[in-house]
Amino acid sequence: MRLLEAVASHDDGAPAKQLAREAGLALPTAYHLLRTLAHEGYLRKEKGLFMLGAAAERLSSSGAQQNRRGMITDALQHWRDAIGVPVYFAVYREGEIEVVAVADTPGNPAVAEWADFRETGHAHAIGQCLLAQLDDEGRRDHLDRYPAYSITPYSVRDGRTLLRRLDGLGRMQPVVERQEYALGTVCAAFPITVGSTAATMAVSLPSHQAGRLLPVARQLQTEVGKLVGTLAFSISI
């Protein structure tokens, strides 16, 4: 690890002797480790200089992604505690709905995924909000793969009805869904900016608290607007 750190500090690479010195290793030990790291793809050697290889870059990318997800989880937990409701973050990536993180408590549990979230985007607020951010071709492509159908008595019954609803939504208007995905639950989701990626944050409440839904969603939307630029939402999740 010390050798990897030493290599990472030299953008243009460094020779074995210099790396051994910087890592505090005997030269024979350094040579052995450098060869092993190069063989495994963590380093590469060019003209006598060692530099980071593809495996180290993948490791760095994976760590950065975990850090970003950790930041998102921390942020959701903060808003969950501040507002007192379950909070969700989801993106639309490569044609699929992906719930990245959820923060809830035993006293205020998140909606149970009783029907696959990816396949029922037409029925829940998260999916509807993400689909609303796509162009017409993207929406129709999604509905061709995952046709709309009623999963509760309150769900939209077909794709045509859903497309009309999506066309009527304002750009930053929260999407409200009342018992369309799960009986006894109401949800609201609003779009957020993540580069060119469609993304959303959402809240849910028991249906008997439906009167709180929009005020809570507006409160979260305001709070997210204050911090979105400083979090990991502005880069690829």
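The values are calculated or read from the model by the stated rules, or taken from the named source; none is laboratory data. All values derive from a computational prediction rather than experimental measurement. Glycine also receives a Cβ, built like all others from the backbone with ideal geometry; neighbour counts cover every protein chain displayed. Please note that ligands, DNA and RNA were not included when accessible areas were found on the heavy atoms of the full protein model with its side chains. Shrake-Rupley method; radii C 1.70, N 1.55, O 1.52, S 1.80 Å.
Summary table
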item	result
Matching residues, the stretch 29-59, being more than 36 Å from the chain's Cα centre (by Cα) and over 13 Å from Leu19 (Cβ atoms)	Glu46, Lys47
Flag for Leu143 being more than 23 Å from Val203 (Cβ to Cβ) and of a type in the set (A, V, I, L, M, F, W, C)	yes
Qualifying residue in the stretch 228-237 (condition: more than 20 Å from Met71 (Cα to Cα), open to solvent by 70 Å² or more (accessible area, probe 1.4 Å) and at pLDDT below 95)	no
All helices (runs of 4 or more DSSP H) inside the stretch 1-109 with 1 or more residues being at pLDDT 90 or above	16-23, 27-39, 54-83
Single condition Arg139 does not satisfy, out of (1) in a helix (DSSP H, G or I); (2) open to solvent by 30 Å² or more (accessible area, probe 1.4 Å)	(2)
Some residue of the stretch 171-178 being touching a residue at least 60 places away in the same chain (Cβ under 8 Å) and open to solvent by less than 20 Å² (accessible area, probe 1.4 Å)	no
